[in-house]
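Report on the structure given below.
The values are calculated or read from the model by the stated rules, or taken from the named source; none is laboratory data. Since this is a predicted model, take the numbers as computed values, not measurements. Here the Cβ is made from the backbone with ideal geometry for all residues, glycine too, and neighbour counts use every protein chain on show.
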Amino acid sequence: MDRELEKLKKAAQKTKGKSELAEAIDFLKRLKSEDPCTEALTFAIPNGGFRSGAGARNLSLSGVKAGVPDYFVAVPRSVQLGSMVVWRHGLFLELKRATNAQNKKGGSVSKQQLEWGEALSVKGYAFAVAWGADEALQVVRDYLKGRW
């Protein structure tokens with residue numbers, strides 16, 4: 001399995017800068033190494049990518065929705081907000097390509113992604129956008145420590 005991940009990572013890195021796929025593979029590999037229990041409860045939500053025609057229609061009919069975050073960390077956490085304790089049911093994470101020195105542009109966040117983030121937050125889930133594997137790992141660490 002690690003060989004397959006390495007092949008995917010190398011293929012993704014052939015593009016200019018580090019691709020979102022390469023960031024995702026790096027994030028999950030490092031999360032597994034650092035916290036295998038949390039990694040086991042983290043899964044991708046395969047909603048991304050452009051599709052046309054019948055493929056797009058079938059996916060839409062089957063429940064695929066634009067803007068849904070890339071990952072869900074199925075670990076509930078309590079957060080201290082002043083004198084109140086608030087529970088988060090889990091963390092939804094949108095992963096974007098990191099900003100880098102070559103092209104100085106990371107991935108952008110769509111209006112639908114922001115709307116999903118707001119709706120999920122209102123329903124008691126944590127939501128974050130991370131630019132790159134490093135930031136994604138830090139978001140998960142902070143979430144698990146109840147920092148937000």
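Mind checking which residues of region 114-125 are in a helix (DSSP H, G or I) and over 12 Å from the mean Cα position of the chain (by Cα)? Before the answer, list the steps.
Filtering region 114-125 down to residues in a helix (DSSP H, G or I) leaves 114-122.
Those that are in a helix (DSSP H, G or I) and over 12 Å from the mean Cα position of the chain (by Cα): Leu114, Glu115, Trp116, Glu118, Ala119, Leu120, Ser121, Val122.
Would you check if there is a residue in region 114-127 being hydroxyl-bearing (Ser, Thr, Tyr) and within 22 Å of Glu39 (Cβ to Cβ)? Break it down stepwise before answering.
Kept after step one, since they are hydroxyl-bearing (Ser, Thr, Tyr), are these residues of region 114-127: 121, 125.
Filter again for within 22 Å of Glu39 (Cβ to Cβ), leaving 125.
There is at least one residue in region 114-127 that is hydroxyl-bearing (Ser, Thr, Tyr) and within 22 Å of Glu39 (Cβ to Cβ).
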Considering region 26-64 alone, what residues qualify as being in a loop (DSSP other than H, G, I, E, B) and either in contact (Cβ under 8 Å) with a residue 40 or more places away in the chain or not basic (Lys, Arg) (or both)?
Asp35, Leu41, Ile45, Pro46, Asn47, Gly48, Gly49, Phe50, Ser52, Ser62, Gly63, Val64
Hits in region 39-97 - residues which are under 30 Å from Gly146 (Cβ atoms) and of a type in the set (Phe, Trp, Tyr)
Phe43, Tyr71, Phe72, Trp87, Phe92
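May I ask you to verify whether Leu59 is of a type in the set (A, V, I, L, M, F, W, C) and under 17 Å from Ala128 (Cβ atoms)?
So Leu59 fails the test.
Okay, residues lined up against (1) in contact with a strand residue (DSSP E or B) (Cβ under 6 Å, 6 or more places away or on another chain); (2) under 18 Å from Asp142 (Cα atoms); (3) of a type in the set (Lys, Arg):
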{"site": "Arg57", "(1), (2), (3)": "no, no, yes"}
{"site": "Gly63", "(1), (2), (3)": "no, no, no"}
{"site": "Ala66", "(1), (2), (3)": "no, no, no"}
{"site": "Tyr71", "(1), (2), (3)": "yes, yes, no"}
{"site": "Ala74", "(1), (2), (3)": "no, yes, no"}
{"site": "Ser78", "(1), (2), (3)": "yes, yes, no"}
{"site": "Ser83", "(1), (2), (3)": "no, no, no"}
{"site": "Arg88", "(1), (2), (3)": "yes, yes, yes"}
{"site": "Glu94", "(1), (2), (3)": "yes, yes, no"}
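Just give me the residues in region 76-89 being in a loop (DSSP other than H, G, I, E, B) and either over 16 Å from Phe127 (Cα atoms) or in contact (Cβ under 8 Å) with a residue 40 or more places away in the chain (or both), in sequence order.
Kept after step one, since they are in a loop (DSSP other than H, G, I, E, B), are these residues of region 76-89: 76, 82-83, 89.
Residues satisfying the conditions are Gly82, Ser83.
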Which numbered condition Ala128 fails, given (1) in a helix (DSSP H, G or I); (2) surrounded by 13 or more Cβ atoms within 10 Å (Cβ to Cβ):
(1)
When only residues in region 65-75 that are modelled with pLDDT of 95 or more and either assigned to a loop (DSSP other than H, G, I, E, B) or hydrophobic (A, V, I, L, M, F, W, C) (or both) count, which is surrounded by the most Cβ atoms within 10 Å (Cβ to Cβ)?
Val73
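Select from region 88-111 the residues that are over 14 Å from Lys18 (Cα atoms) and at pLDDT below 95 and write down the one among them that is surrounded by the fewest Cβ atoms within 10 Å (Cβ to Cβ).
Step one: list which residues in region 88-111 are over 14 Å from Lys18 (Cα atoms), which gives 88-94, 108-111.
Restricting the remaining residues to those that are at pLDDT below 95 gives 108-110.
Working: Ser108: 9, Val109: 14, Ser110: 12.
Among those that are over 14 Å from Lys18 (Cα atoms) and at pLDDT below 95, it is Ser108.
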